[in-house]
Amino acid sequence: MRQWLPQTRIASSLLAAILFAPLLAVAAPVGEVIFAAGDARIDGLGSKLVKGAAIEVGQTVVTGAGGHVHVRFVDDAFVAVRPNSQLTVDDYAFDATNAANNRVRFTLVSGVSRLITGKAGQGNARAFRLNTPLAAIGIRGTDFVVQAEGNATRVTVQRGAVVMSPFGAGCEALASGPCTGAAARQLTAALADTVMEMRGVRAPVLAPIGTLRNAAPIVPAMPDEPAAPRRSPTDAVGYGRLPNTGVTYSPAAIANASLTVNFNRSTYATALDWSYAEQTHRLTSRGDITDTGRFSANRGQSTMSLSGALSGANADQAAYIFTRKFDDGTSAVGALRWSR
């Protein structure tokens, strides 16, 4: 019997390896640390996180004061865990050939994290979720920052859109994608310098980021993070014509253009610098957005005439034509197109 015992153990080991091979595959790394500084570690593991460290499903990245961790995931998603934060990778699966198999779920236990979705979230937004202790956050192709602090969750958006909702009937923590209940609210990148905040179980509300006592933790991009997308038009063309010259319109310069949209109030505000023939004018327009998405200017708050509208499945595109005739007879015209 003694001579057969080692062989029995070998057979048992081989059988165990075969049976547990699928479990080993599930534990394969889903991300890699591309930057780490200060107090940064995996919860339950004593070693400090360093560049090149693997991140697996089920692990929680923990940072202390001054700690920063950046992770690049298998689908090219980017996640930054900022100081004094805890972020858990609950689930992560990416199938390059079948987007229906994609799954992404995080929990921001506390602190601040910035997320730029990768191919998994872009291919199947219904399978992406970030939870905080209070809220469920779904995405529509997004670069966003979330803060979980005490009895509040806050989010800002640099690209795309997010939907935030308190947990409750129809919005479970283990579900995927954005919740669609009556308390769900959307924030898009078109709302520059706006924060969506949820306290307790009340529906989220929008407010200027400047109203926060300390907005520094949720700035769009911290040092060493990818730059936040510029809030500038995709296309802009301008023309001008001087009076009494017999000359038709010729090219003018457009600069410092901005467009903000408040979806809660159905209002817009836009501004641009128009330069032509050694003169520069700041042109502005404010007004309402009609039920069909068209801009309706408030003449008392506008220094140019404007015709345009929002478009796209998530109202993530806009375009308008502007005109203005100045007191000296100079005429300005132009067109701008925006995309998020």
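Quick one: count up the residues across the stretch 274-283 that are touching a Ser or Thr at 6+ places or on another chain (Cβ under 9 Å) and loosely packed, with under 15 Cβ neighbours inside 10 Å. Break it down into steps so the answer makes sense when it comes.
As a first pass, look at the stretch 274-283 and keep what is touching a Ser or Thr at 6+ places or on another chain (Cβ under 9 Å): 274, 276-277, 279, 281-283.
After this cut, where a residue has to be loosely packed, with under 15 Cβ neighbours inside 10 Å as well, the list is 277, 279, 282.
Matching residues across the stretch 274-283 total 3.
The single condition among (1) touching a residue at least 60 places away in the same chain (Cβ under 8 Å); (2) under 17 Å from the mean Cα position of the chain (by Cα) that MET196 does not satisfy is (1). Does VAL145 qualify as being crowded, with 21+ Cβ neighbours inside 10 Å, under 30 Å from ILE289 (Cβ atoms) and either over 17 Å from the mean Cα position of the chain (by Cα) or modelled with pLDDT of 95 or more (or both)? When the stated conditions are applied, VAL145 passes them. Restricting the stretch 284-295 to residues that are in a strand (DSSP E or B) and open to solvent by less than 50 Å² (accessible area, probe 1.4 Å), the residue that is nearest to MET196 (Cα to Cα) is ILE289. Considering (1) open to solvent by less than 70 Å² (accessible area, probe 1.4 Å); (2) assigned to a loop (DSSP other than H, G, I, E, B); (3) under 30 Å from ALA319 (Cα atoms), the lone condition that LEU206 does not fulfil carries the number (2). All of ALA252, ALA173, ALA169 fail the test of being crowded, with 18+ Cβ neighbours inside 10 Å, more than 17 Å from the chain's Cα centre (by Cα) and either under 19 Å from ARG126 (Cβ atoms) or aliphatic (A, V, I, L, M) (or both), apart from ALA252.
Can you tell me which residues in the stretch 299-336 are of a type outside the set (Val, Ile, Thr), in a strand (DSSP E or B) and within 17 Å of ALA253 (Cβ to Cβ)?
Step one: list which residues in the stretch 299-336 are of a type outside the set (Val, Ile, Thr), which gives 299-302, 304-320, 322, 324-329, 331-332, 334-336.
Now drop any that are not in a strand (DSSP E or B), which leaves 305-311, 317-320, 322, 324-325, 331-332, 334-336.
Within the stretch 299-336, PHE322, ARG324, SER331, ALA332, GLY334, ALA335, LEU336 qualify.
The strands (runs of 3 or more DSSP E) found entirely in the stretch 135-192 that carry 3 or more residues being within 20 Å of THR211 (Cα to Cα) are 143-149, 152-159, 185-188. Among the residues making up the stretch 281-328, those that are without any contact (Cβ under 8 Å) to a residue 40 or more places away in the chain and hydroxyl-bearing (Ser, Thr, Tyr) are THR284, SER285, THR290, THR292, SER296, SER302, THR303, SER305, SER307, SER311, THR323.
The values are calculated or read from the model by the stated rules, or taken from the named source; none is laboratory data. Nothing here was measured: the structure is a model prediction, and the numbers come from that model. Note that each Cβ is placed from the backbone with ideal geometry, even for glycine, and that neighbours are counted across all protein chains shown. Heads up: the accessible areas ignore ligands, DNA and RNA and are worked out on the full protein's heavy atoms, side chains in. Shrake-Rupley method; radii C 1.70, N 1.55, O 1.52, S 1.80 Å.
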